[in-house]
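See below for the structure under consideration.
The values are calculated or read from the model by the stated rules, or taken from the named source; none is laboratory data. Nothing here was measured: the structure is a model prediction, and the numbers come from that model. Ideal geometry is used to build each Cβ from the backbone, glycine not excepted, and the neighbour counts take in all protein chains shown.
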Amino acid sequence: MLNIEKVRQDFPVLHEPHHEATPLIYLDSAASSQKPIQVIEAMNDYYRSYNANVHRGIHKLSEAATAAYEDARVKLQKFINAPAAEEVILVRNATEGFNLLAYSWGGANLKPGDEVLITAMEHHANIVPWQLVCEQTGATLKHVPFTDEGMLDMEALNELLTEKTKMFSFTAISNVLGTINPVKELVAKAHAVGALAAVDGAQAVPHATVDVQDWNCDFMAFSSHKMCGPTGIGAIYGKAEHLNAMPPWMGGGDMIRRVTLEKSTYNDLPYKFEAGTPAIAEGIGLGAAVDYLNELGMDNVHAHEQAITSYALEAMSEVEGLRILGPQTAAERGGLVAFTLKGLHPHDIAQLLDDDGIAVRAGHHCAMPMHKIMGIGASARASFYVHTTTEEVDALVTSLNRAREVFRL
Amino acid sequence: MSGNLYREMILDLYENPLNHGELDPNTFSHEEDNPLCGDVIKIDVLLDENKKITDIKWSGDGCAISMASASLITDHVKGMTIDEVMALDGQDAVDLLGVSNLSMGRVKCATLPIKTLKAGASTIQ
């Protein structure tokens with residue numbers, strides 16, 4: 001069990017005066033989570049006490065910075081249970097992870113006749129890089145549809161996965177429907193036809209125990225800023241056998257072994273994919289975020305979110321005209337609820353909720369194809385995290401009813 | 001605070017829009033969207049031989065602000081020449097709405113209809 005009162009004390013932003021009368025009710029963690037003081041202080045400490053470049057210096061400061069930065073990589077490795085720290089490539093975010101994968105692996109391995117398979121419930125980060133690389137290589141991009149209940153259409157998947165499929169890239173948890181996909185089963189299906197499997201873990205790693213060895217996926221990308229960490233850093237895990245065979249993506253310092261003006265040889269993993277001075281403070285901050293989540297216990301985090309989501313699904317269904325997108329039970333979904341409200345555009349909903357100090361997302365949540373399939377232009381989304389209380393969900397419901405009144409519904 | 005954002009006039013126009021529909025035949029028809037929120041607006045315009053707007057209709061899907069703005073701007077430009085339309089800007093749309101406290105994000109909602117109209121008009125200039 002999480003001690004919510006104690007957890008809430010860790011997040012300074014929750015205690016800032018944002019509105020005149022109401023405290024902040026932050027229900028937009030799926031877009032970007034708030035940061036606990038431990039993370040903020042870890043980053044400040046680096047800048048204040050041992051700011052220096054990494055992997056370069058002989059001096060004490062550089063050694064301290066390098067140690068802290070590399071320590072964060074090891075923390076991440078353990079957090080997702082990757083076999084080795086060198087298989088955790090630090091990038092800007094999940095989006096950059098997928099671009100690295102598409103350009104490096106895709107550029108070297110895809111050819112006309114090959115197919116890349118994604119799903120219709122992907123974030124743009126796991127759609128557009130594949131569109132770009134398919135256009136360049138002549139490979140074909142296909143997608144698995146989802147059912148009216150918001151689950152992946154497994155019959156269609158069985159048809160679409162063939163020997164032509166070279167990569168199946170899919171999300172572990174949908175950022176709109178909330179659907180939890182059966183990752184292990186999907187990976188096994190991809191491997192059965194000889195395809196590789198890549199997982200978008202952006203909505204999974206922050207909220208539940210993730211074990212890439214149990215999943216047996218070939219790649220998995222995620223972002224720091226959705227898991228109590230800073231922006232500007234994230235990671236892509238890849239099996240060493242694949243990463244070693246892939247060409248570098250970006251060139252520059254740190255990723256080389258030897259450079260002449262004509263040709264270069266490249267560094268070992270993970271540095272082969274990490275050109276230039278990295279986001280050092282952010283890496284250290286991400287390490288602190290992992291410590292923080294470990295301290296809470298990911299099983300506790302998951303249980304809390306399940307309880308809040310279950311409570312929210314019931315409370316929100318009381319609001320007249322409210323349609324919840326995706327699976328209708330908490331057990332089948334992550335800690336977010338996207339919805340529409342008859343007679344009220346999501347933008348107007350978000351604006352009126354903001355008057356009550358409630359922050360939700362409105363729009364297409366970087367998932368335009370999904371909204372088109374469901375026949376809506378946009379939706380509103382409330383998403384929950386370790387500091388969310390049932391009282392905040394009650395306030396959301398009250399505010400939704402008030403928004404309906406303003407619109408004379 | 002939203003303050004006067006959702007005042008009677010805007011809500012009335014959201015419920016009972018002006019100049020809503022499509023024009024066929026038309027002199028030009030143009031559609032634009034706001035990729036951030038998914039709002040879509042299409043404006044159909046009929047011009048006379050002096051490039052004066054004789055009829056105009058809009059259709060689309062969006063929030064109360066963009067929909068009210070579409071009603072107001074289409075009403076405002078009736079009888080104007082294309083050159084007069086091209087001289088309008090986003091502030092004119094905000095002024096027609098009569099709201100003073102639009103956030104940066106919501107200004108895009110308010111100005112989508114005028115942007116759509118001008119983009120369409122520029123294709124026949």
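Take the conditions surrounded by fewer than 18 Cβ atoms within 10 Å (Cβ to Cβ), of a type in the set (S, T, N, Q) and within 21 Å of the chain's Cα centre (by Cα) and apply them to residue A:81. Does it pass?
Yes; evaluated as a whole, the condition is true for this residue.
Within 30 Å of residue B:32 (Cα to Cα), touching a residue at least 24 places away in the same chain (Cβ under 8 Å) and part of a helix (DSSP H, G or I): does that describe residue A:403?
Yes; evaluated as a whole, the condition is true for this residue.
Can you name every residue in the range A:183-205 that is among the acidic types (Asp, Glu) and surrounded by fewer than 24 Cβ atoms within 10 Å (Cβ to Cβ)?
The answer is A:185, and nothing else.
Only strands (runs of 3 or more DSSP E) wholly contained in the range A:312-375 count here; list those with 1 or more residues that are surrounded by 19 or more Cβ atoms within 10 Å (Cβ to Cβ) and within 14 Å of chain B (Cβ to nearest Cβ).
By residue number, A:336-341, A:361-363.
Does residue B:71 satisfy being within 14 Å of chain A (Cβ to nearest Cβ), of a type in the set (S, T, N, Q) and in contact (Cβ under 8 Å) with a residue 24 or more places away in the chain?
no
Can you tell me which residues in the range B:8-32 are among the charged types (D, E, K, R) and either without any contact (Cβ under 8 Å) to a residue 24 or more places away in the chain or in contact with a His (Cβ under 6 Å, 6 or more places away or on another chain) (or both)?
Those that are among the charged types (D, E, K, R) and either without any contact (Cβ under 8 Å) to a residue 24 or more places away in the chain or in contact with a His (Cβ under 6 Å, 6 or more places away or on another chain) (or both): B:8, B:12, B:15, B:24.
Can you tell me how many residues in the range B:78-116 are farther than 25 Å from residue B:7 by Cα and either in contact (Cβ under 8 Å) with a residue 40 or more places away in the chain or part of a loop (DSSP other than H, G, I, E, B) (or both)?
Final tally of qualifying residues: 4.
Residues in the range A:282-300: is at least one touching a strand residue (DSSP E or B) at 6+ places or on another chain (Cβ under 7 Å), in a helix (DSSP H, G or I) and of a type outside the set (Asp, Glu)?
Checked the range A:282-300: at least one residue is touching a strand residue (DSSP E or B) at 6+ places or on another chain (Cβ under 7 Å), in a helix (DSSP H, G or I) and of a type outside the set (Asp, Glu).
Hey, among the residues in the range B:19-68 that are among the hydroxyl-bearing types (Ser, Thr, Tyr) and within 21 Å of residue A:375 (Cβ to Cβ), which one's nearest to the other protein chains (Cβ to nearest Cβ)?
Filtering the range B:19-68 for residues that are among the hydroxyl-bearing types (Ser, Thr, Tyr) and within 21 Å of residue A:375 (Cβ to Cβ), the one nearest to the other protein chains (Cβ to nearest Cβ) comes out as B:66.
Hey, among A:66, A:95, which residue is under 20 Å from residue A:229 (Cα atoms), in contact with a Lys or Arg (Cβ under 9 Å, 6 or more places away or on another chain) and part of a helix (DSSP H, G or I)?
A:66
Does residue B:4 satisfy the condition of being surrounded by fewer than 22 Cβ atoms within 10 Å (Cβ to Cβ) and modelled with pLDDT under 95?
In short, yes.
What is the one condition in (1) within 26 Å of the chain's Cα centre (by Cα); (2) closer than 17 Å to residue A:85 by Cβ; (3) modelled with pLDDT under 95 that residue A:251 does not satisfy?
Status for residue A:251: all satisfied but (2).
Filtering the range B:90-117 down to residues that are under 11 Å from the mean Cα position of the chain (by Cα) and of a type in the set (D, E, K, R), which residue is surrounded by the most Cβ atoms within 10 Å (Cβ to Cβ)?
It comes out as B:115.
Please go through the range A:105-124 and give me each residue that is surrounded by fewer than 22 Cβ atoms within 10 Å (Cβ to Cβ), at negative phi and small (Gly, Ala, Ser), ordered by number.
A:107, A:108, A:120
Each row is one residue, and each column tells you yes or no for (1) part of a loop (DSSP other than H, G, I, E, B); (2) touching a strand residue (DSSP E or B) at 6+ places or on another chain (Cβ under 7 Å); (3) within 19 Å of residue A:89 (Cβ to Cβ); (4) of a type in the set (Asp, Glu).
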residue: A:191; (1), (2), (3), (4): no, yes, no, no
residue: A:205; (1), (2), (3), (4): yes, yes, yes, no
residue: A:210; (1), (2), (3), (4): yes, no, yes, no
residue: A:220; (1), (2), (3), (4): no, yes, yes, no
residue: A:225; (1), (2), (3), (4): yes, no, yes, no
residue: A:228; (1), (2), (3), (4): yes, no, no, no
residue: A:231; (1), (2), (3), (4): yes, no, yes, no
residue: A:241; (1), (2), (3), (4): no, no, yes, yes
